[in-house]
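Enquirer: The structure follows.
Taken together, the values in this text are just the output of simple stated rules run on the coordinates, not laboratory data. Just so it is clear, the model here is predicted, and its values are computed rather than measured. Cβ placement follows ideal geometry from the backbone for every residue including glycine, while neighbour counts extend to all protein chains displayed.
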Amino acid sequence: MQELFYADARYLRLCNRRLMMCRPDVDPSILIHQDPQAWEELLGWSCIEAFLEGAKFVGVDNLDALVEYSVSSPSAMRLVLAGTKFSGQHRQEWEDYLRGKLEMGARMKFPKVEAARRDDLWIQISPAYMLLPFDETKRRWQRVAYTLLKYVPDIPTHYKPREFISALLPPELRALSARGYVWAASIKSRDRYNDALAEWLYWLDHARLPHIDVKMDKFEPRTPIDSFVLSRRRFVGKIGAPTLPTNQGQHG
Amino acid sequence: MDKASDAFQEGLRRFLAEGGYAWAERSGPPPPGVKILKTAHPPRIAERLCEEGFPLIYIAAVRRRDSSTPLEEACRRGEAVCYVYGDVEWAPELEHRCRPVTFYVDVKEEKKALEALLLYIAKTRSLPWVAFNREILRIVGLCDAAPNICLTEEAVVKKVEAMRKQLTPQPPEPPRSLTAEDAWDSSKTDATADVTAEADDTAETQKTENKDAAAGVDKPHTHKPHVPAVRLDPAVLELVRRCCGEECVTRLLACHD
């Protein structure tokens, strides 16, 4: 009788696992965020187990290896995660991603300060867009991020993009973050702010995305002006938001 | 023409049977899925061949999450990831003219199975890795096994350039006893020596002509240090052939000569 009970329990547990849905508290861009703790807290173990189930096929069997694999080959993750069921407020975003649709723009809206105007810069695409294969999205990259493509004509979304882009981007572009990510985001290119550029610079520096770091209270300011991001954790910035006093005297 | 296609079909059957794959052969077009090749031939190429009775062979490598669903069903319902290979891209207008045959291969259990299948396709169809979808190369682990095949074109070019620089002999340093002006002169002659050294043996006749022409002019430094002609490393050429294709090697050699 007891044996039967145990058999039933095991069966139920198996059923539960199969029915268990992934309910992420974050958008798919976490797949290029190299912080296992953020994965645990924002995705939860139901998602991680579902992801590991698919990643078994590529020889990944623990969270650290999964995070490493995902960050080193963002565009292959769509195939690894195929078949995963999602629920919750981010369900639509994840399902769209598995179908090959992803938002292009910056995920983080930085507060704005008075900064330079650089019409020659044009990177309006978030690093999270590397989750889709470059071969399929090349036209969009050419249209929306041609400054990046000038230096990296073929974004290797399938294999170690961070190493490769870091090696090819010119130092003067990387140096835009020297005054702070907030300053970089405040640079105007043809009347548009450069939030996506700041996101790229942050990701290249830390292999993490700023909006997830803000959620996790791990945002790393580059200069004192960046600390404003931390002090206004729930800041939902908009173009035309109140402008901070200039930091030119302090950091210029 | 029929014979050739049958040979491929037969070979594929043998390969699958010997490899211990679970597979099913169905007459019908391929299921929707992830394309294994970056670009297949356009459908119009197949039209004439189909009229001659040439069957179109497709391979669908199926990775299911739930192994209870049949391979074909899982692909059609979207419950599995299907990696589809075909020489010709399938189009609805081919339906009444062609005879498509699809091999559904189960690759759920082992990544190695998919890797072996890719290697088989590359070998039998003489395809370079650049012809394959790069995400699939990453999935099967070929990027880790041989990182060079996953490098992008400009990375390969950079690597070849770096190797070439390494192979090029450095100009010898001027002797310390010389004055600054002498050193400047000798460095100029060394530079010219390097330029001539880069030319291949085939340009020997041209060199002799130049020498004849220069013979009339008296020069203080007539002796040039012997620098061996630079040759490309066969390993580099093999790397270029694998990553950029045969045409790239031909171009590189032509440019080098």
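Enquirer: Give the order of A:Asp135, B:Asp66 when sorted by the count of other beta carbons within 10 angstrom, beginning with the fewest.
Expert: B:Asp66, A:Asp135
Enquirer: I would also like to ask the following. For a label point 7 Å from the Cα of B:Arg97 along Cα→C-beta, name the residues of region B:23-44 whose backbone N is under 19 Å from it.
Expert: Only B:28-30, B:40-44 fall inside the zone, counting backbone N under 19 Å.
Enquirer: If you find the alpha carbon centre of region A:39-61 and of region B:75-148, how far apart are they in angstrom?
Expert: When both Cα centres are located, 25 Å separates them.
Enquirer: How far apart, in nanometres, would the label points at A:Glu220 and A:His206 be if each is projected 7 angstrom from Cα along the Cα-to-Cβ direction?
Expert: Inter-label distance under the simple model: 0.7 nm.
Enquirer: Within a Cβ distance under 13 Å of B:Cys243, other residues only, what is the Lys/Arg minus Asp/Glu net charge?
Expert: Net charge in that neighbourhood comes out at -1.
Enquirer: Another question about this same structure. Using Cβ counts within 10 Å as a stand-in for footprinting exposure, how do A:His90, B:His96 rank, fewest first?
Expert: With the fewest neighbours first, A:His90, B:His96 line up as B:His96, A:His90.
Enquirer: Mind giving me the FRET efficiency for B:Ala131 and B:Glu110? R0 is 22 Å, r the Cβ-Cβ distance, nearest 0.05 is fine.
Expert: Rounded to the nearest 0.05, the efficiency is 0.40.
Enquirer: Here's a follow-up. If you take every residue apart from B:Glu115 with its C-beta less than 12 Å away from the C-beta of B:Glu115, what net charge results, scoring Lys and Arg +1 and Asp and Glu -1?
Expert: Residues near B:Glu115 contribute +1 overall.
Enquirer: Sorting A:Met77, A:Met104 on the 10 Å Cβ count, fewest up front, what's the list?
Expert: Placing the least packed residue first, the sequence is A:Met104, A:Met77.
Enquirer: Taking the Cβ of A:Pro156 as the centre, find all other residues whose Cβ is under 12 Å away and add up their charges (Lys, Arg: +1; Asp, Glu: -1).
Expert: Local net charge: -2.
Enquirer: Quickly work out the B:Leu253-to-B:Ala122 label distance, labels modelled 7 Å from Cα along the C-beta direction, and quote it in nm with one decimal.
Expert: Once both label points are built, they end up 2.2 nm from each other.
Enquirer: Roughly what % of DSSP beta bridges within region B:2-142 run antiparallel, to the nearest 5?
Expert: Expressed as a percentage, antiparallel bridges in region B:2-142 total about 55.
Enquirer: Let me ask you something else. Output the relative contact order of region B:2-142, whole-number percent, from Cα pairs under 8 angstrom with separation of 6+ residues.
Expert: Dividing the mean separation by the residue count of region B:2-142 yields 33 percent.
Enquirer: In addition: Pop the C-beta distance of A:Leu98 and B:Arg77 into the FRET formula with R0 = 22 Å and round what comes out to the nearest 0.05.
Expert: It comes to 0.90.
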